[in-house]
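One structure is given below, encoded as C-alpha coordinates.
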(Lines give C-alpha, C1' and ligand atoms only; values in the text may rest on other atoms or scores of the structure.)
Protein backbone atom coordinates (compact mmCIF):
# COMPACT_ATOMS: atom_id res chain seq x y z
CA UNK A 1 0.00 0.00 0.00
CA UNK A 2 2.97 2.28 -0.51
CA UNK A 3 1.27 3.87 -3.47
CA UNK A 4 -1.82 4.65 -1.38
CA UNK A 5 0.37 6.03 1.37
CA UNK A 6 2.06 8.41 -1.09
CA UNK A 7 -1.30 9.45 -2.57
CA UNK A 8 -2.87 10.00 0.85
CA UNK A 9 0.06 12.06 2.10
CA UNK A 10 0.25 14.20 -1.04
CA UNK A 11 -3.43 14.71 -1.79
CA UNK A 12 -5.20 14.37 1.56
CA UNK A 13 -2.47 14.47 4.21
CA UNK A 14 -0.15 16.96 5.83
CA UNK A 15 1.93 17.41 2.67
CA UNK A 16 -1.08 18.96 0.90
CA UNK A 17 -0.24 22.16 -0.95
CA UNK A 18 3.40 21.99 0.18
CA UNK A 19 4.76 22.08 -3.38
CA UNK A 20 2.47 25.02 -4.23
CA UNK A 21 3.55 26.98 -1.14
CA UNK A 22 7.23 26.22 -1.75
CA UNK A 23 6.89 27.31 -5.39
CA UNK A 24 5.05 30.51 -4.47
CA UNK A 25 7.74 31.43 -1.96
CA UNK A 26 10.51 31.00 -4.51
CA UNK A 27 8.91 32.75 -7.49
CA UNK A 28 7.53 35.57 -5.34
CA UNK A 29 10.99 36.03 -3.82
CA UNK A 30 13.13 35.70 -6.95
CA UNK A 31 10.81 36.39 -9.89
CA UNK A 32 11.63 35.24 -13.42
CA UNK A 33 14.95 33.40 -13.90
CA UNK A 34 16.40 34.04 -17.37
CA UNK A 35 19.53 32.14 -18.36
CA UNK A 36 22.59 34.13 -17.30
CA UNK A 37 20.64 36.39 -14.95
CA UNK A 38 21.37 37.01 -11.30
CA UNK A 39 17.81 35.93 -10.51
CA UNK A 40 18.56 32.45 -11.83
CA UNK A 41 21.72 32.08 -9.78
CA UNK A 42 19.89 33.37 -6.71
CA UNK A 43 17.17 30.75 -7.28
CA UNK A 44 19.82 28.04 -7.58
CA UNK A 45 21.39 29.06 -4.28
CA UNK A 46 17.99 29.14 -2.57
CA UNK A 47 17.15 25.67 -3.91
CA UNK A 48 20.55 24.39 -2.80
CA UNK A 49 19.72 25.50 0.74
CA UNK A 50 16.12 24.23 0.49
CA UNK A 51 17.21 20.74 -0.54
CA UNK A 52 19.84 20.57 2.20
CA UNK A 53 17.35 21.81 4.78
CA UNK A 54 14.87 19.19 3.60
CA UNK A 55 17.39 16.54 4.58
CA UNK A 56 17.95 15.12 1.11
CA UNK A 57 21.28 13.48 0.40
CA UNK A 58 24.25 14.29 -1.75
CA UNK A 59 22.92 17.78 -2.39
CA UNK A 60 25.34 19.51 -4.72
CA UNK A 61 25.66 21.95 -7.60
CA UNK A 62 27.26 20.80 -10.85
CA UNK A 63 28.88 23.75 -12.68
CA UNK A 64 28.04 24.44 -16.32
CA UNK A 65 28.34 27.37 -18.72
CA UNK A 66 25.16 28.88 -20.13
CA UNK A 67 24.15 31.62 -22.62
CA UNK A 68 23.58 35.13 -21.34
CA UNK A 69 21.22 37.31 -23.41
CA UNK A 70 19.30 40.20 -21.94
CA UNK A 71 16.23 42.06 -23.15
CA UNK A 72 16.57 45.82 -23.35
CA UNK A 73 14.11 48.56 -24.15
CA UNK A 74 11.92 47.40 -27.01
CA UNK A 75 8.98 48.93 -28.82
CA UNK A 76 7.02 48.48 -32.01
CA UNK A 77 4.69 51.17 -33.31
CA UNK A 78 2.49 50.88 -36.37
CA UNK A 79 2.81 54.28 -38.09
CA UNK A 80 0.58 53.55 -41.09
CA UNK A 81 -2.37 53.28 -41.69
CA UNK A 82 -2.75 54.63 -38.17
CA UNK A 83 -0.65 55.03 -35.07
CA UNK A 84 -0.92 51.88 -32.93
CA UNK A 85 1.48 50.71 -30.23
CA UNK A 86 2.16 47.02 -30.72
CA UNK A 87 2.76 44.82 -27.67
CA UNK A 88 5.85 42.74 -28.38
CA UNK A 89 8.54 40.60 -26.82
CA UNK A 90 11.96 40.21 -28.42
CA UNK A 91 13.03 36.61 -28.91
CA UNK A 92 15.94 35.09 -27.04
CA UNK A 93 19.29 35.65 -28.82
CA UNK A 94 17.79 38.32 -31.11
CA UNK A 95 20.11 41.09 -32.13
CA UNK A 96 19.24 44.73 -31.52
CA UNK A 97 18.03 47.28 -34.08
CA UNK A 98 20.14 50.33 -34.94
CA UNK A 99 19.66 53.07 -32.31
CA UNK A 100 17.18 54.90 -34.51
CA UNK A 101 15.22 51.66 -34.97
CA UNK A 102 14.00 50.10 -38.19
CA UNK A 103 11.10 51.84 -39.93
CA UNK A 104 9.83 49.88 -42.90
CA UNK A 105 6.81 48.72 -44.78
CA UNK A 106 5.33 45.40 -43.68
CA UNK A 107 4.81 42.22 -45.68
CA UNK A 108 2.31 39.94 -43.99
CA UNK A 109 2.46 36.22 -44.71
CA UNK A 110 0.71 33.26 -43.11
CA UNK A 111 3.36 30.61 -43.86
CA UNK A 112 6.94 30.01 -44.97
CA UNK A 113 5.52 28.82 -48.28
CA UNK A 114 3.79 32.14 -48.83
CA UNK A 115 7.00 33.95 -47.94
CA UNK A 116 8.83 31.94 -50.61
CA UNK A 117 6.11 32.68 -53.17
CA UNK A 118 6.31 36.39 -52.38
CA UNK A 119 10.07 36.58 -51.80
CA UNK A 120 10.52 39.38 -54.31
CA UNK A 121 8.25 41.60 -52.20
CA UNK A 122 10.13 41.04 -48.96
CA UNK A 123 13.37 42.93 -49.61
CA UNK A 124 13.76 45.95 -47.28
CA UNK A 125 10.55 45.11 -45.42
CA UNK A 126 9.54 43.90 -41.99
CA UNK A 127 8.01 40.46 -42.43
CA UNK A 128 5.00 39.76 -40.19
CA UNK A 129 4.09 36.08 -39.86
CA UNK A 130 0.45 35.44 -39.07
CA UNK A 131 0.77 31.67 -38.95
CA UNK A 132 -2.27 29.82 -37.53
CA UNK A 133 -1.73 27.84 -34.30
CA UNK A 134 -1.74 24.11 -35.11
CA UNK A 135 0.10 22.71 -32.10
CA UNK A 136 3.21 23.87 -30.34
CA UNK A 137 5.78 21.68 -32.05
CA UNK A 138 4.56 22.57 -35.55
CA UNK A 139 3.90 26.25 -34.93
CA UNK A 140 7.07 27.01 -32.95
CA UNK A 141 9.02 26.64 -36.18
CA UNK A 142 7.90 30.15 -37.07
CA UNK A 143 9.30 31.56 -33.84
CA UNK A 144 12.62 29.74 -34.11
CA UNK A 145 13.20 30.10 -37.86
CA UNK A 146 11.19 33.23 -38.70
CA UNK A 147 14.17 35.57 -38.70
CA UNK A 148 16.37 33.32 -40.85
CA UNK A 149 13.70 32.70 -43.47
CA UNK A 150 12.85 36.39 -43.63
CA UNK A 151 16.53 37.40 -43.83
CA UNK A 152 17.09 34.97 -46.69
CA UNK A 153 14.67 37.02 -48.83
CA UNK A 154 16.14 40.36 -47.77
CA UNK A 155 13.85 41.39 -44.93
CA UNK A 156 15.09 43.85 -42.29
CA UNK A 157 13.28 42.30 -39.31
CA UNK A 158 10.61 39.74 -38.48
CA UNK A 159 7.60 39.98 -36.22
CA UNK A 160 5.97 36.65 -35.47
CA UNK A 161 2.50 35.90 -34.17
CA UNK A 162 2.90 34.52 -30.67
CA UNK A 163 2.89 30.73 -30.50
CA UNK A 164 -0.15 30.55 -28.28
CA UNK A 165 -3.37 28.56 -28.17
CA UNK A 166 -5.26 31.56 -26.82
CA UNK A 167 -4.50 35.24 -26.42
CA UNK A 168 -5.72 38.21 -24.45
CA UNK A 169 -3.34 40.60 -26.16
CA UNK A 170 -0.47 38.67 -24.57
CA UNK A 171 2.83 38.45 -26.44
CA UNK A 172 4.89 35.30 -25.88
CA UNK A 173 8.66 35.00 -26.09
CA UNK A 174 11.05 32.11 -26.51
CA UNK A 175 14.33 31.12 -28.08
CA UNK A 176 15.07 31.58 -31.75
CA UNK A 177 18.01 30.61 -33.92
CA UNK A 178 20.18 32.31 -36.48
CA UNK A 179 21.94 30.38 -39.22
CA UNK A 180 25.54 30.67 -40.38
CA UNK A 181 25.79 32.57 -43.63
CA UNK A 182 22.38 34.22 -43.25
CA UNK A 183 22.28 37.86 -42.12
CA UNK A 184 21.08 38.30 -38.56
CA UNK A 185 17.96 40.47 -38.27
CA UNK A 186 16.03 41.51 -35.16
CA UNK A 187 13.09 39.28 -34.40
CA UNK A 188 10.24 39.41 -31.91
CA UNK A 189 6.81 38.03 -31.22
CA UNK A 190 3.68 40.14 -31.36
CA UNK A 191 0.20 39.28 -30.20
CA UNK A 192 -2.20 37.06 -32.09
CA UNK A 193 -4.57 40.01 -32.24
CA UNK A 194 -2.12 42.38 -33.94
CA UNK A 195 -0.89 39.72 -36.37
CA UNK A 196 -4.46 39.01 -37.40
CA UNK A 197 -5.31 42.70 -37.66
CA UNK A 198 -2.36 43.40 -39.97
CA UNK A 199 -3.28 40.34 -41.99
CA UNK A 200 -6.78 41.78 -42.53
CA UNK A 201 -5.34 45.19 -43.41
CA UNK A 202 -2.95 43.65 -45.93
CA UNK A 203 -5.78 41.63 -47.47
CA UNK A 204 -7.59 44.95 -48.12
CA UNK A 205 -4.47 46.24 -49.87
CA UNK A 206 -3.68 48.74 -47.11
CA UNK A 207 -0.03 49.79 -46.72
CA UNK A 208 1.36 49.09 -43.23
CA UNK A 209 4.50 50.75 -41.84
CA UNK A 210 6.05 49.80 -38.50
CA UNK A 211 8.85 51.39 -36.49
CA UNK A 212 10.70 48.71 -34.48
CA UNK A 213 13.25 49.48 -31.74
CA UNK A 214 15.06 46.77 -29.76
CA UNK A 215 18.06 47.17 -27.47
CA UNK A 216 18.80 43.52 -26.69
CA UNK A 217 22.30 42.48 -25.65
CA UNK A 218 24.21 39.22 -25.80
CA UNK A 219 26.99 38.75 -23.20
CA UNK A 220 29.67 36.07 -22.93
CA UNK A 221 28.45 32.77 -21.52
CA UNK A 222 27.84 32.80 -17.78
CA UNK A 223 28.57 30.35 -14.97
CA UNK A 224 25.61 28.38 -13.67
CA UNK A 225 24.75 25.05 -12.07
CA UNK A 226 22.50 22.05 -12.38
CA UNK A 227 21.17 21.43 -8.88
CA UNK A 228 21.23 17.80 -7.68
CA UNK A 229 19.79 16.02 -4.63
CA UNK A 230 19.20 12.33 -3.93
CA UNK A 231 17.69 9.61 -1.85
CA UNK A 232 20.50 7.09 -2.14
CA UNK A 233 19.45 3.60 -3.13
CA UNK A 234 19.50 0.88 -0.45
CA UNK A 235 20.53 -2.01 -2.71
CA UNK A 236 21.67 -0.75 -6.10
CA UNK A 237 22.88 2.76 -5.22
CA UNK A 238 24.77 3.18 -8.47
CA UNK A 239 21.57 2.73 -10.46
CA UNK A 240 19.40 5.78 -10.91
CA UNK A 241 15.88 6.97 -11.53
CA UNK A 242 16.20 10.64 -12.48
CA UNK A 243 13.29 13.00 -11.78
CA UNK A 244 13.55 16.57 -12.94
CA UNK A 245 12.29 19.98 -13.97
CA UNK A 246 14.10 23.14 -15.08
CA UNK A 247 14.79 26.07 -12.75
CA UNK A 248 15.44 28.67 -15.43
CA UNK A 249 12.56 30.52 -17.06
CA UNK A 250 11.97 33.33 -19.49
CA UNK A 251 12.15 36.88 -18.22
CA UNK A 252 8.40 37.46 -18.18
CA UNK A 253 5.86 36.63 -15.52
CA UNK A 254 7.25 34.49 -12.70
CA UNK A 255 8.11 31.29 -14.51
CA UNK A 256 5.74 29.60 -12.07
CA UNK A 257 4.22 27.29 -14.63
CA UNK A 258 7.27 26.89 -16.90
CA UNK A 259 8.87 25.29 -15.21
CA UNK A 260 8.40 26.10 -11.53
CA UNK A 261 5.66 23.48 -11.36
CA UNK A 262 7.94 20.78 -12.74
CA UNK A 263 10.73 21.71 -10.35
CA UNK A 264 8.55 21.68 -7.27
CA UNK A 265 6.59 18.51 -7.94
CA UNK A 266 9.92 16.80 -8.60
CA UNK A 267 11.29 18.03 -5.26
CA UNK A 268 7.97 17.09 -3.66
CA UNK A 269 8.31 13.52 -4.97
CA UNK A 270 11.51 13.08 -2.97
CA UNK A 271 10.06 14.85 0.06
CA UNK A 272 7.00 12.57 0.09
CA UNK A 273 9.16 9.45 -0.16
CA UNK A 274 11.44 10.71 2.58
CA UNK A 275 8.51 11.70 4.82
CA UNK A 276 7.20 8.12 4.60
CA UNK A 277 10.61 6.80 5.62
CA UNK A 278 11.02 5.01 2.30
CA UNK A 279 14.34 4.30 0.64
CA UNK A 280 14.10 2.67 -2.81
CA UNK A 281 16.62 0.04 -3.92
CA UNK A 282 17.97 2.42 -6.58
CA UNK A 283 19.04 6.00 -6.13
CA UNK A 284 16.28 8.55 -6.73
CA UNK A 285 18.04 11.58 -8.19
CA UNK A 286 16.45 15.01 -8.42
CA UNK A 287 18.03 17.29 -11.00
CA UNK A 288 16.94 20.89 -11.47
CA UNK A 289 18.24 21.87 -14.89
CA UNK A 290 19.61 25.27 -15.83
CA UNK A 291 19.26 27.01 -19.21
CA UNK A 292 16.63 24.60 -20.55
CA UNK A 293 14.95 27.46 -22.43
CA UNK A 294 18.08 28.00 -24.48
CA UNK A 295 17.87 24.43 -25.72
CA UNK A 296 18.76 22.17 -22.80
CA UNK A 297 22.20 23.73 -22.41
CA UNK A 298 22.72 22.70 -18.78
CA UNK A 299 21.22 19.27 -19.38
CA UNK A 300 23.51 18.62 -22.34
CA UNK A 301 26.57 19.28 -20.22
CA UNK A 302 25.16 16.99 -17.50
CA UNK A 303 24.65 14.28 -20.13
CA UNK A 304 28.20 14.70 -21.43
CA UNK A 305 29.51 14.33 -17.89
CA UNK A 306 27.34 11.38 -16.79
CA UNK A 307 26.66 9.44 -20.01
CA UNK A 308 29.43 7.01 -19.06
CA UNK A 309 26.84 5.59 -16.66
CA UNK A 310 24.00 5.50 -19.16
CA UNK A 311 23.40 1.80 -18.53
CA UNK A 312 22.72 2.59 -14.87
CA UNK A 313 19.76 4.86 -15.60
CA UNK A 314 16.53 2.90 -15.33
CA UNK A 315 14.21 5.86 -16.09
CA UNK A 316 14.58 9.58 -16.76
CA UNK A 317 11.60 11.81 -16.00
CA UNK A 318 10.99 15.49 -16.71
CA UNK A 319 7.89 17.53 -15.99
CA UNK A 320 8.02 20.55 -18.31
CA UNK A 321 4.53 20.79 -19.75
CA UNK A 322 2.60 22.11 -16.78
CA UNK A 323 1.35 20.67 -13.51
CA UNK A 324 -2.34 21.18 -14.00
CA UNK A 325 -4.48 18.11 -13.33
CA UNK A 326 -2.51 15.28 -14.96
CA UNK A 327 -4.29 13.15 -17.55
CA UNK A 328 -1.58 10.50 -17.71
CA UNK A 329 2.07 9.74 -18.18
CA UNK A 330 3.81 10.01 -21.49
CA UNK A 331 6.40 7.28 -21.95
CA UNK A 332 9.08 6.36 -24.43
CA UNK A 333 10.65 2.92 -24.21
CA UNK A 334 10.43 -0.68 -25.33
CA UNK A 335 7.09 -2.51 -25.44
CA UNK A 336 8.11 -4.58 -22.44
CA UNK A 337 8.96 -1.43 -20.51
CA UNK A 338 5.68 0.16 -21.57
CA UNK A 339 3.76 -2.87 -20.29
CA UNK A 340 5.54 -2.51 -16.97
CA UNK A 341 4.77 1.24 -16.84
CA UNK A 342 1.10 0.44 -17.42
CA UNK A 343 1.20 -1.75 -14.36
CA UNK A 344 2.92 1.01 -12.38
CA UNK A 345 0.34 3.56 -13.48
CA UNK A 346 -2.47 1.19 -12.42
CA UNK A 347 -1.35 1.97 -8.86
CA UNK A 348 -2.77 5.45 -9.44
CA UNK A 349 -6.30 4.12 -9.86
CA UNK A 350 -7.37 5.89 -6.65
CA UNK A 351 -6.73 9.16 -8.56
CA UNK A 352 -8.18 7.75 -11.76
CA UNK A 353 -4.98 8.70 -13.57
CA UNK A 354 -3.73 5.48 -15.12
CA UNK A 355 -3.07 6.27 -18.80
CA UNK A 356 0.32 5.59 -20.35
CA UNK A 357 0.65 7.53 -23.58
CA UNK A 358 3.44 7.74 -26.14
CA UNK A 359 6.01 10.48 -26.63
CA UNK A 360 7.58 10.65 -23.21
CA UNK A 361 10.07 13.45 -23.69
CA UNK A 362 11.67 16.59 -22.36
CA UNK A 363 14.31 18.91 -23.76
CA UNK A 364 16.56 18.04 -20.83
CA UNK A 365 16.05 14.28 -20.81
CA UNK A 366 15.91 13.65 -24.58
CA UNK A 367 19.68 13.09 -24.70
CA UNK A 368 19.21 10.04 -22.45
CA UNK A 369 16.11 8.83 -24.27
CA UNK A 370 17.99 8.96 -27.57
CA UNK A 371 20.70 6.85 -25.90
CA UNK A 372 18.09 4.22 -25.12
CA UNK A 373 17.07 5.08 -21.58
CA UNK A 374 13.29 4.88 -21.00
CA UNK A 375 11.83 8.34 -20.52
CA UNK A 376 8.64 9.71 -19.00
CA UNK A 377 6.90 13.08 -18.84
CA UNK A 378 3.69 14.30 -17.24
CA UNK A 379 0.75 15.02 -19.50
CA UNK A 380 -1.89 17.57 -18.58
CA UNK A 381 -4.06 20.21 -20.27
CA UNK A 382 -1.65 21.42 -22.93
CA UNK A 383 -4.28 23.68 -24.51
CA UNK A 384 -4.44 25.64 -21.28
CA UNK A 385 -0.67 25.48 -20.83
CA UNK A 386 -0.02 27.38 -24.06
CA UNK A 387 -2.34 30.22 -23.03
CA UNK A 388 0.38 31.32 -20.61
CA UNK A 389 3.60 29.71 -21.85
CA UNK A 390 6.48 32.23 -22.12
CA UNK A 391 4.18 35.17 -21.42
CA UNK A 392 3.61 37.68 -18.62
CA UNK A 393 0.72 35.44 -17.60
CA UNK A 394 3.04 32.69 -16.36
CA UNK A 395 2.52 33.49 -12.67
CA UNK A 396 1.29 31.76 -9.54
CA UNK A 397 -2.20 32.85 -10.49
CA UNK A 398 -2.41 30.04 -13.05
CA UNK A 399 -1.18 27.42 -10.61
CA UNK A 400 -3.58 25.31 -8.55
CA UNK A 401 -2.42 23.69 -5.32
CA UNK A 402 -4.81 20.76 -5.51
CA UNK A 403 -3.76 19.96 -9.05
CA UNK A 404 -0.12 20.21 -8.02
CA UNK A 405 -0.81 17.76 -5.16
CA UNK A 406 -2.15 15.21 -7.62
CA UNK A 407 0.72 15.81 -10.06
CA UNK A 408 3.23 15.33 -7.23
CA UNK A 409 1.51 12.10 -6.17
CA UNK A 410 1.71 10.71 -9.71
CA UNK A 411 5.37 11.75 -9.99
CA UNK A 412 6.24 10.26 -6.60
CA UNK A 413 4.50 6.90 -7.13
CA UNK A 414 6.05 6.39 -10.57
CA UNK A 415 9.57 7.40 -9.56
CA UNK A 416 9.52 5.42 -6.31
CA UNK A 417 8.12 2.17 -7.72
CA UNK A 418 10.48 2.14 -10.72
CA UNK A 419 13.38 2.97 -8.39
CA UNK A 420 12.40 0.16 -5.99
CA UNK A 421 11.58 -2.68 -8.39
CA UNK A 422 14.03 -5.55 -8.28
CA UNK A 423 14.98 -5.09 -11.94
CA UNK A 424 15.62 -2.04 -14.06
CA UNK A 425 13.20 -1.25 -16.85
CA UNK A 426 14.06 -3.39 -19.89
CA UNK A 427 15.40 -1.64 -22.98
CA UNK A 428 14.91 -4.34 -25.58
CA UNK B 1 22.86 -7.72 -9.77
CA UNK B 2 19.60 -6.58 -11.40
CA UNK B 3 19.38 -6.86 -15.18
CA UNK B 4 19.63 -3.77 -17.39
CA UNK B 5 20.06 -2.65 -20.95
CA UNK B 6 19.90 -5.56 -23.36
CA UNK B 7 20.26 -8.14 -20.62
CA UNK B 8 17.74 -10.92 -20.16
CA UNK B 9 15.25 -10.41 -17.35
CA UNK B 10 15.23 -13.15 -14.78
CA UNK B 11 11.51 -12.65 -14.22
CA UNK B 12 8.34 -13.38 -16.14
CA UNK B 13 6.01 -10.50 -16.80
CA UNK B 14 3.55 -12.09 -14.41
CA UNK B 15 6.13 -11.96 -11.64
CA UNK B 16 6.84 -8.30 -12.42
CA UNK B 17 3.10 -7.59 -12.35
CA UNK B 18 2.82 -9.19 -8.94
CA UNK B 19 5.83 -7.23 -7.70
CA UNK B 20 4.26 -3.96 -8.82
CA UNK B 21 0.87 -4.94 -7.41
CA UNK B 22 2.53 -5.30 -4.03
CA UNK B 23 3.01 -1.54 -3.96
CA UNK B 24 -0.77 -1.05 -4.21
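The values are calculated or read from the model by the stated rules, or taken from the named source; none is laboratory data. Nothing here was measured: the structure is a model prediction, and the numbers come from that model. Please note: Cβ atoms are built from the backbone with ideal geometry, for glycine as well, and neighbour counts cover all protein chains shown.
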So residue A:249 ticks every box in (1) in a loop (DSSP other than H, G, I, E, B); (2) surrounded by fewer than 24 Cβ atoms within 10 Å (Cβ to Cβ); (3) on the phi < 0 side of the Ramachandran plot but one. Which box is left unticked? (2)
Inspect segment A:52-75 for any residue being out of contact with any strand residue (DSSP E or B) (no Cβ under 8 Å at 6 or more places or on another chain) and in a helix (DSSP H, G or I) and give the result as yes or no. yes
When you look at residue A:233, is it within 14 Å of chain B (Cβ to nearest Cβ), surrounded by fewer than 24 Cβ atoms within 10 Å (Cβ to Cβ) and in contact with a strand residue (DSSP E or B) (Cβ under 9 Å, 6 or more places away or on another chain), yes or no? yes
Of those in segment A:281-317 that are away from chain B (no Cβ under 14 Å) and part of a strand (DSSP E or B), the residue farthest from residue A:411 (Cα to Cα) is A:289
Mind checking which pairs have a first residue in segment A:1-14 that is more than 9 Å from chain B (Cβ to nearest Cβ) and a second that is assigned to a loop (DSSP other than H, G, I, E, B) and at pLDDT 95 or above, Cβ under 6 Å, 6 or more apart or different chains? A:5/A:276; A:9/A:15
Counting only residues that are surrounded by fewer than 16 Cβ atoms within 10 Å (Cβ to Cβ) and not in a helix (DSSP H, G or I), how many does segment A:328-353 have? 2
Residue set A:398, A:417; condition more than 15 Å from the chain's Cα centre (by Cα) and buried (at least 24 other Cβ atoms within 10 Å of the Cβ); output residue A:417
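Report the residue count in segment B:11-24 for those that are part of a loop (DSSP other than H, G, I, E, B) and either modelled with pLDDT under 65 or within 7 Å of another protein chain (Cβ to nearest Cβ) (or both).
We begin by selecting, within segment B:11-24, every residue part of a loop (DSSP other than H, G, I, E, B); these are B:11-12, B:22-24.
From what's left, either modelled with pLDDT under 65 or within 7 Å of another protein chain (Cβ to nearest Cβ) (or both): B:11, B:23-24.
Residues in segment B:11-24 being part of a loop (DSSP other than H, G, I, E, B) and either modelled with pLDDT under 65 or within 7 Å of another protein chain (Cβ to nearest Cβ) (or both): 3 in total.
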With respect to residue A:210, is the statement that it is over 30 Å from residue A:426 (Cα atoms), touching a strand residue (DSSP E or B) at 6+ places or on another chain (Cβ under 6 Å), part of a loop (DSSP other than H, G, I, E, B) and more than 14 Å from chain B (Cβ to nearest Cβ) true? no
Spans of helices (runs of 4 or more DSSP H) in segment A:364-428 with at least 2 residues within 14 Å of chain B (Cβ to nearest Cβ) and out of contact with any helix residue (DSSP H, G or I) (no Cβ under 7 Å at 6 or more places or on another chain): A:401-420
